[in-house]
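S.K.: Before anything else, here's the structure in question.
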Amino acid sequence: MAPADLLLAIGLVCVVVAVGMNIVTAARLSGGKAMSKERRIRSAVLTVSIAVVGLVCMVAWFVQS
């Protein structure tokens, strides 16, 4: 696998994981399961961080190709 393809693969996996985490968190909150404010913030920061890594990898892939 070429480095450019690896960047694209990592980027796509990160974005899919971030979207999945967002869906799971939303389902927990809408299901009435209580989450502390600190845990919600931690979850949001982690989700955004993973999404940013994915987007950076995809932009790097786009620049290389």
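The values are calculated or read from the model by the stated rules, or taken from the named source; none is laboratory data. This one's a predicted model, so the numbers in the text were calculated from it and none came from an experiment. Note: ideal-geometry Cβ built from the backbone for every residue, glycine included; neighbour counts use all protein chains shown. Heads up: the accessible areas ignore ligands, DNA and RNA and are worked out on the full protein's heavy atoms, side chains in. Shrake-Rupley method; radii C 1.70, N 1.55, O 1.52, S 1.80 Å.
S.K.: Could you sort 50-56, 38-44, 3-9 so that the peptide with the highest average Cβ count within 10 Å comes first and the rest follow in order? Let's see the in-between values first.
M.R.: Details: 50-56: 16.7, 38-44: 12.0, 3-9: 14.3.
Taking the mean over residues of other Cβ atoms within 10 Å, the ranking is 50-56, 3-9, 38-44.
S.K.: Excluding ligands and nucleic acids, what accessible area in Å² is computed for I10 using a 1.4 Å probe, to the nearest 10?
M.R.: For I10, solvent-accessible area is about 70 Å².
S.K.: Also, I was wondering about something else. Considering the options Q64, A18, M1, tell which one lies farthest towards the positive end of the dipole of the chain, charges being +1 on Lys and Arg and -1 on Asp and Glu at the Cβ, about the Cα centre.
M.R.: A18
S.K.: Follow-up. Which order do V13, V63 take when ranked by solvent-accessible area (1.4 Å probe, heavy atoms of all protein chains), largest first? Can you show the working numbers first?
M.R.: Numbers: V13 90, V63 110 Å².
Largest accessible area first, the residues go V63, V13.
S.K.: To the nearest 0.05, what FRET efficiency results for K33 and V63 with a Förster distance of 35 Å applied to their C-beta separation?
M.R.: Values: r = 42 Å, r/R0 = 1.19.
E(calc), rounded to 0.05, equals 0.25.
S.K.: Let me ask something else. Working from Cα positions, state the angle (0 to 90°, nearest 10) between the long axis of helix 3-30 and the longest principal axis of the chain.
M.R.: Orientation of helix 3-30: about 10 degrees from the principal axis.
S.K.: So what are the range 1-55's ellipsoid semi-axes, whole angstrom, largest first, if each one is the square root of 5 times an eigenvalue of the alpha-carbon gyration tensor? Please report the intermediate quantities before stating the final value.
M.R.: On the way: eigenvalues 162, 24, 5 Å².
For the range 1-55, the semi-axes come out at 28, 11, 5 Å.
S.K.: Per residue, how large is the accessible surface of the chain? Use a 1.4 angstrom probe and give square angstrom.
M.R.: Numbers: 4720 Å² over 65 residues.
Accessible area per residue: 73 Å².
S.K.: Angle check, please: helix 37-64 long axis (alpha carbons) against the longest principal axis of the chain (alpha carbons), in degrees 0 to 90, nearest 10.
M.R.: That works out to roughly 10 degrees.
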